[in-house]
C-alpha cells in the first residue's frame, strides 16, 4: 500500500500546462459575479434574505442570519467585487478565500431555496482557494513576476476532473427513478410550455419527453468517460454544449449550465495552450518542482474523494423514499427529480391552561418558502422549535407544537408528511437516525 501511494503521489505531482486552470479561474470568477448580479436583479436576494423575518439555516448554523436592513445588498456587492478579483487573479489568495467564506455563509444561511448547483459552487469556491490559479495572466503576476509559472501539479486537474465525474455519475444513478424513467417528471417540467406558440406540440409529446429523460441518463453516465479519451473528446464537448444550452433555455437554471461547460476546460489541457497561444515559455518552470508534503496531499485527496463518494449514499441508512422523506437528500447530486407542493399550519397547545393557538406560516413567510417548509421535514422541525421558543418568551413554558399539513410529490395525491399527533417541540433532531415522526409514502 505505501508503495502504491508513493507511485500515485509521483503521478499527482507531475507538471501540467496550467492554461486550463487559468481560463477556468476567469470563467469561474465571472460566473460567480453574474450569479450574484442575477440574485440582485431578479429579486432572489431580497426574497430569500431580506424580506423574511428569519431564514431556515442548516441545522447547527441557526446563528447565521442575514444582515438587517440593506446589509445583504452590501454583502452581495462585496461578493461581486471579490469574484471580479478572482477572475483577474488579483490578491488571489485573499480574494478567493473571502469569496469561499462568504458563499459558504450564504449557502448555510437559507435552505428554503436549496439547489445542488449551489453546493457545486461551494465546492469550487474552496477548490479555488487551494490551487495556484494566479500564476499566469493575472494581476498578481504583473505585480510580482516571480510568481509566474506555466505549470501546475497534476493533482490540481485531478481535483476538478474527479469531482466532475462524481457529480455526473450520481446524477445518472439518481435518474434511475420511476418518475424519471416514465417521463412523468419531465412531463411536469415541460408543462409550462403547453401554451407556447411554437414549442407546445414538441414539449407536449410523450415521446420527446422520454427522449429527453433517457438522453439525460446517457449524457450524465457517458460524458466524463468520453471527455477522457481523445477520439471522443470533441463529440462529448458538442454533446455538452447542446445538453447544457437546452437545459439553460428550458429550465432557466441560472449559471449552472455555463459553469458545467467551463469544467470541460480541464479535459483539453493538452491542446488548449496551443489553440490560445498559451504555450509554455522557455525557462519558466520547465522542470518539476520539489513539492513538499506530497504524501500528505495525496492522502488528503483520497480522503476527500472517499467522502464525496460516500455522501450521496447516506440515504440508504434511512428507510423510505429519499425524495419524499428528504433524509440524506442534500449533498447527493439528486438533480431535477421531483417537485413538491403542499400546505402546512402548526397547532400550539398550552398544557397548563389548555389554550390552543394555530400558527399559519403564510402570515410570516413568502408562499414559496412555505411550500419548501411544507415539504421539508427538517424545516418543519426547525419551525416547531422556533414556535416553542417564541411561546416560552411569552410565558408559556410548557407548550406542545404539532404540524398539520399535506404534501404532493410530482403531482400525486396529497398525503401527510409528518405525524400530526407528535409534539415536534420536544423532539430532538437526529441527523444519523430516522425520525419516527416522518411518515413514509409509496409513490404509485
For the condition surrounded by fewer than 17 Cβ atoms within 10 Å (Cβ to Cβ), in the same structural domain as residue 262 (by TED's automatic domain parsing) and without any contact (Cβ under 8 Å) to a residue 24 or more places away in the chain, what is the one hit in 225, 178?
225
If you check every pair at least six apart or on different chains, which have Cβ atoms under 6 Å apart with a residue in segment 33-53 that is touching a residue at least 12 places away in the same chain (Cβ under 8 Å) first and a residue that is assigned to a loop (DSSP other than H, G, I, E, B) and surrounded by fewer than 18 Cβ atoms within 10 Å (Cβ to Cβ) second?
47/366; 48/113; 53/364
Of the listed residues (171, 105), the one being within 13 Å of the chain's Cα centre (by Cα) and more than 30 Å from residue 13 (Cβ to Cβ) is 171
If you check residue 436 against the conditions, is it more than 23 Å from the chain's Cα centre (by Cα), outside any strand (DSSP E or B) and more than 17 Å from residue 113 (Cβ to Cβ)?
yes
Within segment 396-407, can you find the residues that are modelled with pLDDT of 95 or more and either in a helix (DSSP H, G or I) or in contact with a helix residue (DSSP H, G or I) (Cβ under 9 Å, 6 or more places away or on another chain) (or both)?
399, 400, 401, 402, 403, 405, 406, 407
Residues that are without any contact (Cβ under 8 Å) to a residue 12 or more places away in the chain and in the same structural domain as residue 88 (by TED's automatic domain parsing): does segment 192-204 have at least one?
no
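Matching residues to (1) modelled with pLDDT under 95; (2) at positive phi:
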site: 50; (1), (2): no, no
site: 65; (1), (2): yes, no
site: 76; (1), (2): no, no
site: 80; (1), (2): no, no
site: 83; (1), (2): no, no
site: 86; (1), (2): no, no
site: 91; (1), (2): no, yes
site: 98; (1), (2): no, no
Going by what's in this entry, would residue 30 be described as touching a helix residue (DSSP H, G or I) at 6+ places or on another chain (Cβ under 7 Å) and not assigned by TED's automatic domain parsing to the domain that holds residue 138?
no
The helices (runs of 4 or more DSSP H) lying wholly within segment 320-395 that contain at least 1 residues that are touching a residue at least 60 places away in the same chain (Cβ under 8 Å), crowded, with 19+ Cβ neighbours inside 10 Å and assigned by TED's automatic domain parsing to the domain that holds residue 190 are 322-325
Residue 159 closer than 30 Å to residue 309 by Cα and either assigned by TED's automatic domain parsing to the domain that holds residue 90 or in a helix (DSSP H, G or I) (or both):
yes
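Given the criteria in a strand (DSSP E or B), touching a strand residue (DSSP E or B) at 6+ places or on another chain (Cβ under 9 Å) and either outside the structural domain of residue 58 (by TED's automatic domain parsing) or surrounded by 21 or more Cβ atoms within 10 Å (Cβ to Cβ) (or both), does residue 421 qualify?
Values: in a strand (DSSP E or B): no; touching a strand residue (DSSP E or B) at 6+ places or on another chain (Cβ under 9 Å): yes; either outside the structural domain of residue 58 (by TED's automatic domain parsing) or surrounded by 21 or more Cβ atoms within 10 Å (Cβ to Cβ) (or both): yes.
In short, no.
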Go through (1) surrounded by fewer than 19 Cβ atoms within 10 Å (Cβ to Cβ); (2) touching a strand residue (DSSP E or B) at 6+ places or on another chain (Cβ under 7 Å); (3) more than 28 Å from residue 219 (Cβ to Cβ) and name the single condition residue 151 misses.
(1)
Take the residues of segment 242-294 that are on the phi > 0 side of the Ramachandran plot, surrounded by fewer than 16 Cβ atoms within 10 Å (Cβ to Cβ) and modelled with pLDDT of 65 or more: which is nearest to the chain's Cα centre (by Cα)?
252
Answer from 96, 57 - the residue that is surrounded by 16 or more Cβ atoms within 10 Å (Cβ to Cβ), over 21 Å from residue 133 (Cα atoms) and in contact with a helix residue (DSSP H, G or I) (Cβ under 7 Å, 6 or more places away or on another chain):
57
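The values are calculated or read from the model by the stated rules, or taken from the named source; none is laboratory data. The model shown is predicted, which means the values in this text are computed figures rather than measured ones. Note: ideal-geometry Cβ built from the backbone for every residue, glycine included; neighbour counts use all protein chains shown.
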